[in-house]
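A.B. asks: Below you will find the structure I want to go over with you.
The values are calculated or read from the model by the stated rules, or taken from the named source; none is laboratory data. Since we're looking at a predicted model, the values are computed, not measured. Surface accessibility is based on the protein's heavy atoms, side chains included, excluding ligands, DNA and RNA. Shrake-Rupley method; radii C 1.70, N 1.55, O 1.52, S 1.80 Å.
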Amino acid sequence: MDSEYRNQIVQKRAQLQLRIRFDDFFKTYVEPFTEILDELLHAQIKYHIVSLRFVPSEFQSLFMEKFQNEPFAKYSLSRVETVMGEKVMESLIDVFPNKHSSRYFPDLSVVGSFADLISVLTELIHEHDVYICWIQYPFLLEIDFQDLVQKIKEESLDCWFEDAVVFPKDYSWVIVYHAVEDEWLFGKR
């Protein structure tokens, strides 16, 4: 077998394997997240996708290709920077350390009811933009906090089917939602 032909076959196999891994990653970590993006669009809550976390670097060009096509174009994902590091989340964990090995469980107070959560959010309304991240998904969003507090409804939280974290850029406080326990935690520095 000609060595050039063999190299072409090896390259095509590698590209196919990469595409298969990417498609699996996309179906697992990106497609389900569109429900959350749809909810934000429906509620007209202003957001900006800051970065993608824990994305293998070899997927970057495939992401850019995928995000330019429908149905993802409506989320403005083509402008998303695929950042491989998790500097923002690492900084949060430095300030509010994790007490669990597989989930984010900082030592914070439990917020009792949805009304209590709204009270906490209202107290923090002076914040403008905050980060929000669903731990299972690679998207780190910057969201208009005043929009979130004013437009959030208990039933709109049904789409938050995974653990989520909300915190300001200065890491002065954090709100953590644990989906399995259906509980909200809050803490300040």
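A.B. asks: Cα gyration tensor of the range 1-56, axes a ≥ b ≥ c as square roots of the eigenvalues: rounded (a/c below 1.5), prolate (a/b > b/c) or oblate?
C.D. replies: prolate
A.B. asks: Quick check on the chain: helices-only [θ] at 222 nm, where DSSP H runs of length 4 and up contribute -39,500 (n - 2.57) each and the sum goes over total residues. Nearest 500, please. Could you put the intermediate results ahead of the total?
C.D. replies: Working: 6 runs with 70 residues, N = 189.
One gets -11500 deg cm²/dmol as the mean residue ellipticity at 222 nm.
A.B. asks: Measure out, as a whole number of angstrom, how far apart the alpha-carbon centroids of the range 171-189 and the range 21-68 sit.
C.D. replies: Taking the Cα centre of each part, the range 171-189 and the range 21-68 sit 23 Å apart.
A.B. asks: How about Lys169: which lysines have a C-alpha closer than 27 Å to its C-alpha, ignoring those fewer than 8 places off in the same chain?
C.D. replies: Cα-Cα hits under 27 Å: Lys46, Lys74, Lys87, Lys99, Lys151, Lys153, Lys188.
A.B. asks: In addition: Residues of the chain: accessible area per residue at 1.4 Å, in Å²?
C.D. replies: 56 Å²
A.B. asks: Under the rule a/c < 1.5 gives rounded, and otherwise a/b versus b/c splits prolate from oblate, where does the chain land using the Cα gyration tensor?
C.D. replies: prolate
A.B. asks: Among Ser101, Ser76, Ser57, which one moves the most in a GNM of the chain with springs linking Cα atoms closer than 10 Å?
C.D. replies: Answer for the Gaussian network model of the chain: Ser101.
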